[in-house]
1. For an R0 of 51 angstrom, estimate the FRET efficiency from the Cβ-Cβ distance between residue 828 and residue 637 and round to the nearest 0.05.
2. Sorted by average packing, counted as other Cβ atoms within 10 angstrom per residue and highest first, what order do 204-216, 682-694 take?
3. What's the exposure ranking of 738, 405, going from fewest to most Cβ atoms within 10 Å?
4. Just subtract the alpha-carbon distance of residue 812 and residue 466 from 0.36 nm times their residue separation and send over the number in nm, one decimal.
5. How would you classify region 249-340 from its alpha-carbon gyration tensor, with a ≥ b ≥ c the square roots of the eigenvalues: rounded for a/c under 1.5, else prolate if a/b is greater than b/c, otherwise oblate?
6. Once you have the Cα-Cα distance between residue 1174 and residue 1196, take 0.36 nm times their residue separation minus that, and quote the gain in nm to one decimal.
7. How would you classify region 1008-1124 from its alpha-carbon gyration tensor, with a ≥ b ≥ c the square roots of the eigenvalues: rounded for a/c under 1.5, else prolate if a/b is greater than b/c, otherwise oblate?
8. Can you order the peptides 158-166, 444-452, 1070-1078, 40-48 by their average number of other Cβ atoms within 10 Å per residue, highest first?
């Protein structure tokens, strides 16, 4: 009957593998064997109602089931006799659990018989017969003679002797549905089972009655296997010293850096045990314990564990239960931190986001800012929980276990917390948050030096136990076992002082001692315990020593992961048709030191050591892993349906291993997208690449992938494949692997994909690739294809996005008018959609173009709009950009105090989000301001800070900018040697990253240094190099800025016509792009060249135009300079110096000298000559500039 198939338990696990040391049988051997006889009662009565053939069929079916029970428990069926079966345990391979296995088999047979009866009663064919078969079982263990039986039957063995006869008598005397054993056999397994004394019975062949017992049930095998904590006194002392020192610092509100103690050691050396024992001594209850995972790939996993530990949230909690615990905990935190309520409230949506809770908050939509918000929110949580501990003059202890498995996003967050925990307190001088981090990690994991610099870092290298400590541990743990010195010596030699090895062997030894002592004595063995050669072999021996159901349970737990919840394991048992009441067996596994529950979660367990999990998992048959992983995935889907998004990756793995690829593909894509949104690009790549492997290598997918005209709606898996490829290309663009992205996109273009959304993203990514490569023609072509798709779909957001990208292309090639038009269209589209973050970005784009065109007033309006929207949405990156641009305009206008004040806010924001790039840029910008106001020491200090930060980041671009700034300052300080050195360093750094713009720009600045030091030819040559590079890049702005510099060189080299030719080209360009600032500068320079070339009328026309533009943008410095030049021109007309002399008051010596020089030049005024000469001599003496020497030569 097919109904009976359910009684044949698939060998789900590779169970009860006999230990390697067991002996292969030889013919004629005497050995200890457990013998089981079982006789079915009820078939004779059944023969009265059924045909004998039907009865024989049922007997045969039941005997097959019983045979399966025997084999499942490592036994061997010796023979069938009518309704009777005889089985042997230890006949072919002996082990020390043969008697235990035989009793487990008997109990299992009784269970299967009850199920067999139920199936018959429910069957239409037999339900009216009231069938109730029963079973008598007898078991005996003892010495027997084994041997082959029959001719040419080398594979068949049987056993002979009194032991066999007594086993048969046990069966015949047993009550129905019970298991009878003699007293001697009972004593072998009395620690594993509970028995009922059945008195004595008279047995044929025995002169005296014998005591017999009936098996009642299994015992709770709880054993205290914990070992003494020995040999770590020095390490405990180190931990306590740091702790006591920090208590003093808290009392005095002293904070330098976070205290971080790293405990590093090889696996199994006792890192976690050391912390556990220390915390028992320390008794500080203000702590959180969280661990990294080598299995879970959840971004921020370490800090998700922290959140759940703080709020006592279990993974088993429903979404509503999670929310209730979280909000109750938040309410308590706000009560305990009344001064910090606002910050805690602001953090709620983001802390909730990490644990799968949803809150309405516009900031969550800003994916570009998500990482900043998450970092700030977790820091807020830490500061809040620190407060209670700190108010009691205690540090908050944060234990980070297994840090060597930390995920990338947790690493980033930890880095952020270490660098910013008390940044606000440093500003307002409030009480510091004091935290003590205790971290464990393996020796191959190294804490980065950059991180160490920002920590009070101390590392404990936990070595293996010394020989004397190993001996002490062994003797104290085995004092009742009377071990021989040879065994102890062997253990020390093989363990090499590894405490885990020693503890596992002692646990194995105690387990053996519980059930094996009597057997060993009966064999004449005393105190001989072989020590396995490796830790893996030792763990396997311990696992094999478990009672069968415990071993099964342990192995099933490994399917769930490195940690598991008892409820999930119970559901798995239920799904497999096994008893789901597993509290006792799980408790037993914990007592036997295979698993430990988490301190604050009694239903949440982890393996004592990952090796235990790995070894147990490796013993599971591949076919059974497929079944079990599928079962666990289905349980997760059913049990966690309200927060399934937190299990995407776990489900992907389970379904992948179980070869349910349709489901695996779906969850891999969802997991990849989630990782990507959280900037966990490493795991996103793994997910997307795995999808590609499944589709291209697994049947039936690989057969269809090359098919033309594939309907993606009907073939959803292939749609996921194409989408994952697109997303993979996107990730590669985000992490700078542009060519890898392009390769994927080119491959996708070969397919005839008829999904417009996929095509849109392909061309969008291609457009970004070409734009990054400065291939603007190709970029524009791809983006226009995107725009067409977006317009066909009437997708306004996509249309706006592409319009903006096209405008960026126009901007990059210098077409600022076209760029401005595109950005304005982008702005209107975002306004139509009421997309405020899109509006803010567009305002910034427009402001950027207007700024470059010189319309500072309008640019400032747009930058302020961007800043206001960013502030509203707490978008820190946009805040930085908006403030930076506003500060830059004030800087250009000469409003340096305003600019510096804004940069202080920029720096605070950059520090709050630990944006090193923004901090570096801000130091550079402050350096520029201090350079402009001639406070060179402050400028140098800021540039050096920029170099320090950018060097730590490995950012050669910003290093180059800083050295460029230092080169300019050295030139201003007339240290031309140092200026050349710094500028050449900037060129070297720019070359290293192939930054042609940086190379060209620094060459231009170097040309100025050569010019000011009087090396005119070198200046021309160097400037020509810069201009050539700008020309190659088609960077018109750079090219014409270079022309401006060349014109200035021509002016001082008396090459006026060449200068006029150069500057006129630049003026046409600056007019075309509306770059008002450089247009004014160029017009003033052209007026000087025209004046010196005796084109006075042209000079005045130039100045008149410059004057109007200066008034338009209200630029005071330009207005003054234009007025001076106008008055110099007027000297040639009215020969009056009065108007010019009005500019003397309050001006610099250089301006005064320039005015007196021109009065002398055009009026031949010796008094003015003398004043000019004195001033230029003074200036030249102070600052050895070619320009001063040039004028002094003219004055001679």
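1. Efficiency, rounded to the nearest 0.05: 0.65.
2. Taking the mean over residues of other Cβ atoms within 10 Å, the ranking is 682-694, 204-216.
3. 738, 405
4. Full-extension gain reported as 117.8 nm.
5. Oblate, since a/c reaches 1.5 and b/c is not below a/b.
6. Here the segment from residue 1174 to residue 1196 would lengthen by 6.7 nm.
7. Oblate is the answer for region 1008-1124, as a/c is 1.5 or above yet b/c matches or exceeds a/b.
8. 1070-1078, 158-166, 40-48, 444-452
Every number in this text was worked out from the coordinates using simple rules, so none of it is lab data. Please read these numbers as outputs of a predicted model, since none were measured by experiment. Virtual Cβ from ideal backbone geometry, glycine too; neighbours counted across all protein chains shown.
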